[in-house]
């Protein structure tokens, strides 16, 4: 059995970046020039930044990014696939590998280190119980139970591997939710690592990407705002109240 920590997930950018198609798409909508002439025009960071600040992000849907990820748990997989505007290819958990499928799990450190005492007085650790679960899984395989059935007893901590494809618009929207401190820590780790990869290859397109408070200047969570942000980031209700009280737009400027 292989046990890894929820901070050890790996993200690799397979495709994306380089030529910025958001720039070309934006020009195409507002120019009478030929497509060839538009495509030959030097890249303009100002146009990309203007698209992002305007909030009209349709042009960003022509920049596409493909990631390979590993070292994340099925807990995060469930949260990840809630984002519908994306393509996912997830490594099969049912393919028959003659009992060779690795029993690998990803756990938070506090869960791995947890111990409890049963009613019989015996002390158990998470690692010990997972070891017994692995033995049960292997016994099922040895008894001829198909792997696609035996996998039902695997924990949510089981590692999954995937290839993910999203356009820039979908990514910006996804980062706004999953980079937030309210996001569960493992998927937040995944989102932050994906954002870091995007910023390396497309710095202008993702300069202002991140949690909603980074993009908006306020937290839309209101009463659900993370406790670590309270007193540091105004909520949406705070911002609306300040506007009604006569504050000028310069309040939102950095």
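The values are calculated or read from the model by the stated rules, or taken from the named source; none is laboratory data. All figures in this text were calculated on a predicted structure; none of them were measured in a lab. Virtual Cβ from ideal backbone geometry, glycine too; neighbours counted across all protein chains shown.
Report, by residue number, each residue of the range 204-238 that is free of Cβ contacts under 8 Å to residues at least 40 places away in the same chain, more than 21 Å from residue 187 (Cβ to Cβ) and either in the same structural domain as residue 193 (by TED's automatic domain parsing) or in contact with a helix residue (DSSP H, G or I) (Cβ under 6 Å, 6 or more places away or on another chain) (or both).
Selection gives 217, 218, 222, 235, 236, 237.
Could you tell me which of the residues 141, 69 is in a helix (DSSP H, G or I) and either assigned by TED's automatic domain parsing to the domain that holds residue 202 or touching a helix residue (DSSP H, G or I) at 6+ places or on another chain (Cβ under 9 Å) (or both)?
The unique qualifying residue is 141.
Across the range 39-60, what is the number of residues that are surrounded by fewer than 16 Cβ atoms within 10 Å (Cβ to Cβ) and part of a helix (DSSP H, G or I)?
Total satisfying the criteria: 9.
With respect to residue 170, determine if the residue is touching a residue at least 60 places away in the same chain (Cβ under 8 Å), under 30 Å from residue 103 (Cβ atoms), buried (at least 16 other Cβ atoms within 10 Å of the Cβ) and touching a helix residue (DSSP H, G or I) at 6+ places or on another chain (Cβ under 9 Å). Explain how you work it out, then say what you get.
Details: touching a residue at least 60 places away in the same chain (Cβ under 8 Å): yes; under 30 Å from residue 103 (Cβ atoms): no; buried (at least 16 other Cβ atoms within 10 Å of the Cβ): yes; touching a helix residue (DSSP H, G or I) at 6+ places or on another chain (Cβ under 9 Å): yes.
So residue 170 does not fit the description; no.
Is it fair to say residue 178 is over 16 Å from residue 66 (Cβ atoms), buried (at least 17 other Cβ atoms within 10 Å of the Cβ) and under 11 Å from the mean Cα position of the chain (by Cα)?
yes
Within the range 28-35, does at least one residue satisfy the condition of being in contact (Cβ under 8 Å) with a residue 24 or more places away in the chain and outside the structural domain of residue 107 (by TED's automatic domain parsing)?
yes
What tally of residues in the range 20-38 results from selecting those that are exposed (fewer than 14 other Cβ atoms within 10 Å of the Cβ) and either out of contact with any helix residue (DSSP H, G or I) (no Cβ under 9 Å at 6 or more places or on another chain) or in a helix (DSSP H, G or I) (or both)?
Taking the range 20-38 as the starting set, the residues that turn out to be exposed (fewer than 14 other Cβ atoms within 10 Å of the Cβ) are 29-37.
When the remaining residues are screened for being either out of contact with any helix residue (DSSP H, G or I) (no Cβ under 9 Å at 6 or more places or on another chain) or in a helix (DSSP H, G or I) (or both), the result is 29-30, 32, 34-37.
Result for the range 20-38: 7.
Residue check: is residue 86 in contact with a helix residue (DSSP H, G or I) (Cβ under 7 Å, 6 or more places away or on another chain) and under 30 Å from residue 203 (Cβ atoms)?
Yes, satisfied.
Taking the conditions exactly as written (touching a helix residue (DSSP H, G or I) at 6+ places or on another chain (Cβ under 7 Å), in contact (Cβ under 8 Å) with a residue 40 or more places away in the chain and surrounded by 14 or more Cβ atoms within 10 Å (Cβ to Cβ)), does residue 198 satisfy them or not?
Yes; evaluated as a whole, the condition is true for this residue.
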